[in-house]
């Protein structure tokens, strides 16, 4: 077998492994999306019963997880060994890009009439507690590649759900666009993320145990994230 | 344990009313709400790619057929195709979005049109996927050995819902006298006709038959609100306490509860949910995309958004476009009946060869449902 043939065979195995994981992640995502749709908060939004107090509760509860996001990513980066520096760089860059996003959320809260101290001092809800503990625990494991599955779920929220929710909320509440920057900004910003995500998978696949871990991590994260939204009952 | 028999589709039949109606003449048939030309019609047609369709009413509003008579005609055509007659039929399962009666079921009306002696009936009312429910009931009647000749028929008479009187004088019309997208879009999408299949425990002696490998149906209504519906006004969609029958027919009509409506925001989410069900079947090995020779789906490949195609390709689940077989541009979207129109056209085209696998996919936006049928051509 020539070097070219050998490398083509590796490419094919990798493509299959990436496609298999992407398929399982897509299934986990659609299950998650259905579960979100049935939560009391999102029902209010889609059935035209969403009030300003619901929007405020939404922002307060999202803030916890958005703030934690770049922190667990940083911790995960520090748990990655020297064999995987490329992935470590990607996570660190990701963390830098997002670590001030919760400020945007606070501005939306204030622009829509909330008091800054209210959102700054709010407690995590039960789902947020569970989600946060899970993420940091995972990030503290050596080479926590399963977290790529968690990223898929959370990135999906940004690229698919945020703008959809932002538009519905804006239409319902009739406030200016400036009060929905966090939700609307995310939707516009995520077109390239899927390709970047596949590139990250290529840094750790093919590997059956890692593949299994990524999918499990996605499913647990999705379940806990949905719990966080379920717990928002304004 | 009871061993199930095989079930074969031994005949298919279609009934399309009237002449094909081109895009430029649609409004002559379905009418102009408030006397005005629709503003979204051309956009809807670009999206759905339909060039001609059939209507069971005339531009004057005269009714040429009923849902029941079209359904009965399709059953007779499918029996004739199988080389059988009404007297051989033992069981009839019907599918429709809305029968001619409110009560009793559509199956009774179709049996009435067919005439003849006793039948076992099953009457399924949903939207597009009702066809799959009827096919499953009919095929299991044969597989269980209870009957030797069953038919599944799907019929739609959508156009009567689209006449101006359904909208005029209701809360659906805005201050400028226009119909909103959620009400107008379906007027440009759905049309009339019926399709049927005959199911027997053996292949037919001459000509190709199709073995039914399996039929799966998944509803996600426990998670999603209704997406295409009639019977409750848009603002009360999630609360059936406000359904039409409680307010009475006159008040319900004024509120906009007696019209077919589609929620486009939710539709995008439900398309992803359908894809999720499909990917799960690919993942579990129930569907092998590479093993599918023909894909029959009453959505066109072109109307899928690029991001969905990307997901299918990125997960090794895409069935290439040249394997998609459709009659959509010519017959229009006939709801539940579309799948039998496609199967009938595929089998009669002679393109499907023995051992070819035919995957039928029937998504229903009504309330997040999707049906799948895997068929295999036998000589």
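Please specify each residue of region B:233-270 satisfying the condition of being under 22 Å from the mean Cα position of the chain (by Cα), surrounded by 18 or more Cβ atoms within 10 Å (Cβ to Cβ) and within 12 Å of chain A (Cβ to nearest Cβ).
If the condition is that a residue be under 22 Å from the mean Cα position of the chain (by Cα), surrounded by 18 or more Cβ atoms within 10 Å (Cβ to Cβ) and within 12 Å of chain A (Cβ to nearest Cβ), then B:263, B:266, B:269, B:270 are the ones that fit.
What single numbered condition from (1) in contact (Cβ under 8 Å) with a residue 60 or more places away in the chain; (2) more than 22 Å from residue A:210 (Cα to Cα) fails to hold for residue A:100?
Single failed check for residue A:100: (1).
If residue A:12 passes every condition in (1) surrounded by fewer than 18 Cβ atoms within 10 Å (Cβ to Cβ); (2) more than 14 Å from chain B (Cβ to nearest Cβ); (3) farther than 23 Å from residue A:160 by Cβ but one, which one does it miss?
Here residue A:12 clears every test but (2).
Give B:279, B:217 a once-over and let me know the one that is within 24 Å of residue A:26 (Cβ to Cβ), in contact with a helix residue (DSSP H, G or I) (Cβ under 7 Å, 6 or more places away or on another chain) and within 10 Å of chain A (Cβ to nearest Cβ). Give the derivation first.
Numbers: B:217 fails: within 10 Å of chain A (Cβ to nearest Cβ).
When all the criteria are applied, what remains is B:279.
Please work out if residue B:330 is surrounded by fewer than 21 Cβ atoms within 10 Å (Cβ to Cβ) and without any contact (Cβ under 8 Å) to a residue 24 or more places away in the chain.
Against the criterion (surrounded by fewer than 21 Cβ atoms within 10 Å (Cβ to Cβ) and without any contact (Cβ under 8 Å) to a residue 24 or more places away in the chain), residue B:330 does not qualify.
When you scan region B:1-20, how many residues do you find that are surrounded by fewer than 20 Cβ atoms within 10 Å (Cβ to Cβ) and either without any contact (Cβ under 8 Å) to a residue 40 or more places away in the chain or outside any loop (DSSP other than H, G, I, E, B) (or both)?
Total meeting the criteria: 3.
Looking at region B:220-232, which of its residues are more than 14 Å from chain A (Cβ to nearest Cβ) and farther than 29 Å from residue B:279 by Cα?
B:230, B:231
Every residue in region B:242-267 that is at negative phi and without any contact (Cβ under 8 Å) to a residue 24 or more places away in the chain, please.
Of everything in region B:242-267, those that are at negative phi and without any contact (Cβ under 8 Å) to a residue 24 or more places away in the chain turn out to be B:242, B:243, B:244, B:245, B:246, B:247, B:249, B:250, B:251, B:252, B:265.
When you go through B:99, B:83 one by one, which is the residue that is more than 14 Å from residue B:154 (Cβ to Cβ) and not in a strand (DSSP E or B)?
Only one candidate passes the filter, namely B:83.
Here, each number is a calculation from the coordinates, and none is a lab measurement. The model shown is predicted, which means the values in this text are computed figures rather than measured ones. Cβ coordinates were reconstructed from backbone atoms using ideal geometry, including for glycine residues, and neighbour counts include every protein chain displayed.
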